[in-house]
Every structure is written in C-alpha cells, then in structure tokens.
Amino acid sequence: MPRVKVPRKSTSVDMTAMCDVAFLLLTFFILTATSRQPDPLDIKTPSSTVQFKVPDKDLAILSIGKGKVFVELIGQDIKRETLLKMGALYGAKFTEAELKRFAVMSSFGVPMQGMKQFINMSPEERTKSKFETGIPVDSTANNELYRWIEQSRYAVAELHKTEMRVSIKGDGPEEYPVIRKIVEVLQKQKVNKFSLITSAEAAAK
Amino acid sequence: MAELNTGGGGDKGGKVRSKKQSTRVDLTAMVDLAFLLITFFMLTTSLSKPLAMDIAKPDKDIKDENRKELKASQTMTILLGKNNKIAWYMGVPSPNTPPTIEGFADIRASLLKNKQEVKEKMGGKDIVIVIKPTDGSTYKNFVDIMDELSITKTNINAPAIDDDPAHLMDSEKDFMRAQGILK
C-alpha cells in the first residue's frame, strides 16, 4: 500500500499586512500621546459625577497636597511669557535656554529665589533637591501664588485673547482651611469662578 | 513588487544570467518591535481625562444693594464637620430644633426630602442651600457635598458657599462642639 504523502507546507506567514497595521496604530498612539509626567505631590482627587471635561488649554492647575501648592500652566508659550513677567517683577533675568527649559516643565512649586537654579537642574536632581517646597502663600496681599496667577492671566489674555480658567486639584484628605487659603488668593483678584478637578465616578441613578 | 537585481553587472564575454533572489524579508522581529511600542504608548497615554466641577463664589467686595430676600424656612444650612460628619438644619438654628447629624451616605435622602417639603410649603419655590465647611472638614467632604447637590438637583438656586470661619454662628459652634465634630 502506498503511503499518502502529506505535502509539507511552509510555516512562514506573510506578515506584511500585520506589520502595516501595527505601524499604523503605533503612529496613531505616538501622535496622540501626551506623556504622563510624574506628579511631585501624590494627589488623590476625590471622585464626582460631573460630566464636564477639563479643557486642555488656557488653564492653570493648582495642585494642593500636604499643605503645599504647586502650579501647572498649560501651554508652552504661556509658561514662557509668565516666567518673563515674573522675572521682571522679582528682578530675575532668565536666558533663552532657561525659558525653553521652563516651557517644557510640568508643575512646579519653587519660590522665585530658587527658580533659576531649579530650572537648570536635571529632572532627577529636581526631585532629589529640597527646592520643591510649594509656592509661598503667606499672609501678605501680594504673595507669590497671587503673582503667578495674576501674571499667567495677563499672559493668556495677551497671547490668546481669552480668559484663563483656574482649576484646583486637591488631595482628598487635605484639610479645608488649606483650600480656603488658596481660594482667598483667587478671590482677591476677582477669580470667583473656578473649577475643582475630580476623577470620574459612576453616575448615580 | 520591486525586485532587486543582485547579479554582477559586468558584461564580460558571455551573457551572465542574473540570479533571481527572493524579495521576502522576515518581518517577525519588526512586528514584535512595533507591538512593543504600541503597548508602551497605550499604557502611557492617559485616556480618561479628569473632570472639572465648576464652583462660583460670591464676590467678597461688592456691596450689592439689591439682594434677594430669602425666607428662613426656605434655606437649608449644611455644616461640614470633622470625621466626615454633616450637621444640617432648616431655617434658623434653635435649641428646640437641633441640627441633624448625618454621614455622607444619608445626606442624599435628606436633601431630596427637604427639597420636596420646601416646594410644598412655599408654593413651588426652590430650596436654597448654604454650605459651611468648617476647619475640621476635608477637601473630599466639600467635593462630595457639591456632588450630592448636583445629583439631587438642589442647586437650582446656586448654593451659597460660606467658608469664612467668622460667619459660623455661636449656636452652630456650640452644637457641633457638643457633638464632637468641631475641630
């Protein structure tokens, strides 16, 4: 009896199509990616059922945790302009390179005296250094947080011709008096409307 | 498909037949790499954007002459105390009708009940909420109560947020101290 010969088939598959799809997806993700930067403050935002998404421009985010305040300005041009204005106010000169470095930073919580030195550090040095003590919010009428918000509002108004929104991103267990102090700074410059950043929660029935 | 001509290009003597080679490249490694990168970018992209809850506070400096009058029985005052406790009362606080102490789980029912009662008693008027976060409360408490207001739709009249410690009435303080929820 003759044995039935099973034809041996090649095991290699044509991967061209798969490769195409993979790179298409890769391109998509690279273009849409806004990489997540590590937050210097470990903030757990409380959840809520609101549906309004945080806008992604003309926004200042005040992160509050452990009694410290960090500021994050959205938009590189805004950050640059704000730092220029702050430098003029506090008598600090920033070079072009420093402005560029600042423009790509995320949130910062450094008093103005240490700002220049802080900008010139590498990201690892920044987290290690004891510079990030939060923006000073003392009882004086024109404290640094007040100035930062004021100058960034000017910058947004000049560059984008619109009103800057202020958001508060607070840590859940943070005690209310700390929040009140920040809100008072906002209200002092007539920012009576602001938003609280929360994470999503399943809508209640 | 394009083909590579890999024969020697010389024209020496007789005709040299160029050898036909396969144009297939092994794409396995390339696909592996591509998917690795895809995974990386998918994980680092923050897909869910955080949400923003809008808060409006009254201007501190403006002395508004044409303020709207409110009936005491129309207002519900919510005091946020420490240990995630809430004390609330309708109208003005008095020893006869002490505030109710509740946790955050029960406040929704009370809000709905009071909203209904005010509507019936006041001839269709909406309830007005006054929120007083005291020093003992946390930020989470404040967000939670604002969220409850929007869930129960008791924020038709914008809720008044009064966080000035000087505005906390003595009777309110006494009650909260007695209940151990004042800082």
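Remarks
- Filtering the stretch A:22-61 to residues that are within 12 Å of another protein chain (Cβ to nearest Cβ), modelled with pLDDT of 85 or more and buried (at least 19 other Cβ atoms within 10 Å of the Cβ) leaves A:ALA22, A:LEU26, A:LEU59, A:ILE61.
- Of the helices (runs of 4 or more DSSP H) entirely within the stretch B:85-181, those holding at least 2 residues that are over 28 Å from A:VAL178 (Cα atoms) and of a type outside the set (Val, Ile, Thr) occupy B:107-121.
- Filter result for B:GLU102 (surrounded by 18 or more Cβ atoms within 10 Å (Cβ to Cβ) and modelled with pLDDT of 80 or more): no
- Selection within the stretch B:66-90 - closer than 26 Å to B:GLY124 by Cα and either at pLDDT 80 or above or among the β-branched types (Val, Ile, Thr) (or both): B:GLN74, B:THR75, B:MET76, B:THR77, B:ILE78, B:LEU79, B:ALA87, B:TRP88, B:TYR89, B:MET90
- Filtered residues of the stretch A:129-165 (kept if of a type in the set (S, T, N, Q) and modelled with pLDDT of 85 or more): A:GLN151, A:SER152, A:THR162
- Of all residue pairs spaced 6 or more apart or on separate chains, those with beta-carbon atoms under 7 Å, a first member in the stretch A:122-149 that is closer than 18 Å to A:LEU41 by Cβ and in contact (Cβ under 8 Å) with a residue 24 or more places away in the chain and a second member that is part of a loop (DSSP other than H, G, I, E, B) and aliphatic (A, V, I, L, M) are A:GLU132/A:VAL110; A:GLU144/A:ILE135; A:LEU145/A:ILE135; A:LEU145/A:VAL137; A:TRP148/A:ILE135.
- No other residue among A:ILE149, A:ILE135 is in a helix (DSSP H, G or I) and under 22 Å from A:LEU186 (Cβ atoms) apart from A:ILE149.
- The residues of the stretch A:71-112 that are on the phi > 0 side of the Ramachandran plot and loosely packed, with under 14 Cβ neighbours inside 10 Å amount to a single one, A:GLY91.
- Residue within the stretch B:26-37 that is at pLDDT below 85 and assigned to a loop (DSSP other than H, G, I, E, B) present: yes
- Matching residues, the stretch A:152-179, being in a helix (DSSP H, G or I), crowded, with 18+ Cβ neighbours inside 10 Å and not hydroxyl-bearing (Ser, Thr, Tyr): A:ARG153, A:ALA155, A:VAL156, A:VAL178, A:ILE179
- Hits in the stretch B:90-144 - residues which are within 14 Å of chain A (Cβ to nearest Cβ) and of a type in the set (S, T, N, Q): B:THR134, B:SER137, B:THR138, B:ASN141
The values are calculated or read from the model by the stated rules, or taken from the named source; none is laboratory data. Predicted model only: the values in this text are computed from it and were never measured. Cβ sites come from the backbone with ideal geometry, for glycine too, and all protein chains shown count toward neighbours.
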